[in-house]
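Novice: This is the structure I have questions about; it appears just below.
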Amino acid sequence: MKPNAPVSLTRFLIEQQREKGHINADLRLLIEVVARACKRISIAVGKGALGGVLGSAETENVQGETQKKLDVLSNEILLDANAWGGHLAALASEEMDDPHPIPDRYPKGEYLLVFDPLDGSSNIDVNISVGTIFSVLRCPEGVKNPDEKAFLQPGTKQVAAGYAVYGSSTVLVLTLGDGVHVFTLDREQGSFILTGSNVKIPEDTSEFAINMSNMRHWEAPMKRYIDEMLAGKTGPRGRDFNMRWVASMVADVHRILTRGGIFIYPRDLKDPSKPGKLRLMYEANPMAMIVEQAGGAATTGRVRILDIQPEKLHQRVPVFLGSKNEVERATAYHREADA
Ligand code: P6P
């Protein structure tokens, strides 16, 4: 094969299995099946208004959020794709109250798949990038019919994590615990082609991502951190900063993976009972694994996200992730305030 021949996702996974022993055949199949489902979701998203799938599905998910037709369709695509392969013991999704068992007519495997089938779906109708986020855990030994408890494992137990971002191009970002790798969908061939290996997030940044409209509800250390950035050259940071907020986590995280930055969705006092907006199991944990594998950091502002012992499948956490030195600074401010 020519020395710089394009490396497909399939070839990459086979080499990871054969040369690095990072994955086994079942995990390789799992990743390939999820990638194929993301291709189908990309096609549905890409049709826009022509696909007859924009707008509301007139139903609500467990979060009490109105589901978009594409939320429901994307969820079904992932359920159908993962049913027959024998690699999974069960699945769980933002769009379903409870874990979804593998139908009895199919063999069960050793993995659990947790996903947000279409994150940022409020952006679909206005043609802004959305994405799919997924996390892979091992099913606990001896558990034949995994219930919610089987999924409640800290993020450090993830064997793989990834996302697909449906933007100007469709990009799949994947970590198997040995670096972060980027694949771009070649639409002519229908293959994901390796376009980035061992991607690293710059430890410093001048770009922050946060929804500023919640500022009056923030905790004091949160206000301090952002005020210092807004003060720019005239303030304690001594330099100017820039702001981006796509309101689609996958798009914001992908920008940070590509050029650095800090993404923040803090807890705010608008609803003190809610610890944050983003969900631990299928947004914060997979993104935290990816960011840490790329040399970044991910905390709740107080503790490392991957160390959290989950208590509920759909629990929410505050999220600070991205360039290591900024996440550490913001976290230090919160810890100082607590002390
Ligand atoms: P807000 C999308 O609904 C989402 O879950 C994340 O993708 C995104 O970062 C966040 O919520 C946006 O929240 O409050 O700015 O609409």
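Novice: Among 50-61, 257-268, how do they line up by average Cβ neighbours within 10 Å per residue, starting with the highest?
Specialist: Sorting 50-61, 257-268 by mean packing, highest first, produces 257-268, 50-61.
Novice: Using every Cα-Cα pair within segment 207-338, state what percent have a distance larger than 27 Å.
Specialist: Values: 1012 of 8646 pairs.
That tail contains 12 percent of the Cα-Cα pairs.
Novice: What share of Cα pairs, in percent, lie more than 25 angstrom apart in segment 119-268?
Specialist: Working: 5016 of 11175 pairs.
Of all Cα-Cα distances in segment 119-268, 45 percent exceed 25 Å.
Novice: Let me ask another. In whole Hz and in residue order, list the ³J(HN,Hα) couplings for segment 113-129 that follow from phi through the Karplus curve 6.51 cos²θ - 1.76 cosθ + 1.60, θ = phi - 60°; x for Gly and Pro.
Specialist: 10, 10, 8, 10, x, 8, 8, x, 4, 5, 8, 4, 5, 10, 6, 9, 3
Novice: So, for the chain, what is the accessible surface per residue at a probe of 1.4 Å, expressed in square angstrom?
Specialist: With the other protein chains kept in place, the chain gives 43 Å² per residue.
Novice: Could you work out Rg/(2.2 N^0.38 Å) for the chain, with Rg from alpha carbons only? If you can, show how the numbers build up before the last one.
Specialist: Details: Rg = 19.7 Å, N = 339, 2.2 N^0.38 = 20.1 Å.
Its radius of gyration relative to the 2.2 N^0.38 Å reference: 0.98.
Novice: Same structure, new question: Using only alpha carbon pairs under 8 Å that are at least six residues apart, calculate the relative contact order of the chain and give it in whole percent.
Specialist: Working: 727 pairs, mean separation 51.2, N = 339.
RCO, the chain: 15 percent.
Novice: Leaving out ligands, DNA and RNA, what percent of the accessible area of the chain is carbon and sulfur, probe 1.4 Å? The partial results should precede the final answer.
Specialist: Details: 7240 of 14490 Å².
Of all accessible area on the chain, carbon and sulfur atoms account for 50 percent.
Novice: Sorted by average packing, counted as other Cβ atoms within 10 angstrom per residue and highest first, what order do 18-26, 130-138, 327-335 take?
Specialist: Values: 18-26: 12.8, 130-138: 26.3, 327-335: 18.9.
Final packing ranking: 130-138, 327-335, 18-26.
Novice: A further question follows. Under unit Cβ charges (Lys, Arg +1; Asp, Glu -1), what dipole magnitude, rounded to 20 debye, does segment 12-84 have relative to its Cα centre?
Specialist: On the way: 9 positive and 10 negative charges, 68 e Å.
About 320 debye.
Novice: Under the rule of at least 5 residues apart or a separate chain, name every residue whose amide H is placed under 5 Å from the amide H of ALA57.
Specialist: Long-range HN contacts for ALA57: GLN67, LYS68, LYS69.
Novice: When you count, for each residue, the other Cβ atoms within 10 Å and take the mean per peptide, how do 186-196, 78-88 rank with the highest first?
Specialist: Values: 186-196: 14.8, 78-88: 19.0.
Answer by packing, highest mean first, reads 78-88, 186-196.
Novice: So, one more: Along its principal axes, what span do the Cα atoms of segment 79-156 show, with the longest given first and each in whole Å?
Specialist: The Cα atoms of segment 79-156 stretch 46, 29, 19 Å along the principal axes, largest first.
Novice: Quick one: angle between helix 9-19 and the longest Cα principal axis of the chain, in degrees between 0 and 90, rounded to 10, please.
Specialist: Compared with the principal axis, the helix lies near 90 degrees.
Novice: Give me the orientation-averaged projected area of the Cα convex hull of segment 9-111, in nm², one decimal.
Specialist: Working: hull surface 30.7 nm².
Mean orientational projected area (segment 9-111, Cα hull): 7.7 nm².
Novice: Further, regarding this structure: Put +1 on the Cβ of each Lys and Arg and -1 on the Cβ of each Asp and Glu in segment 172-309; which of MET249, MET289, TYR265 then has its Cα farthest toward the positive end of the dipole?
Specialist: In segment 172-309, that residue is TYR265.
Novice: Another question, if that's okay. Taking a cut-off of 19 Å between Cα atoms, list the aspartates and glutamates near LYS223, but don't count ones fewer than 8 places away on the same chain.
Specialist: GLU207, ASP240, ASP268, ASP271, GLU326, GLU328, GLU336, ASP338
Novice: Residues with beta-carbon under 11 Å from that of GLY190, excluding GLY190: net charge, scoring Lys, Arg +1 and Asp, Glu -1? Could you put the intermediate results ahead of the total?
Specialist: Details: positive: ARG36, LYS39, ARG40, ARG187; negative: ASP186, GLU188.
Residues close to GLY190 contribute a combined charge of +2.
Novice: While we're on this one: Cα to Cα, under 26 Å, and not fewer than 8 places away if on the same chain: which lysines meet these conditions relative to LYS149?
Specialist: LYS108, LYS157, LYS274, LYS277, LYS312
Novice: Can you compute the charge dipole magnitude of segment 207-338 about its Cα centre, using +1 on each Lys and Arg Cβ and -1 on each Asp and Glu Cβ, nothing else charged? Give it in debye, rounded to the nearest 20. Don't jump to the answer; show the numbers that get you there.
Specialist: Numbers: 21 positive and 16 negative charges, 40 e Å.
Charge dipole, segment 207-338, about its Cα centre: 200 debye, nearest 20.
Novice: Right, here's the next one. Go through ASP116, ASP227 and list them by solvent-accessible area, largest first, probe radius 1.4 Å.
Specialist: Details: ASP116 0, ASP227 80 Å².
The ranking, largest first, comes out as ASP227, ASP116.
The values are calculated or read from the model by the stated rules, or taken from the named source; none is laboratory data. Remember, it's a predicted structure, so these values are computed and weren't measured experimentally. Quick reminder, even Gly has a Cβ in these numbers, built from the backbone with ideal geometry, and neighbours come from all protein chains shown. Just the protein is used for accessible areas: all its heavy atoms, side chains included, with ligands, DNA and RNA removed. Shrake-Rupley method; radii C 1.70, N 1.55, O 1.52, S 1.80 Å.
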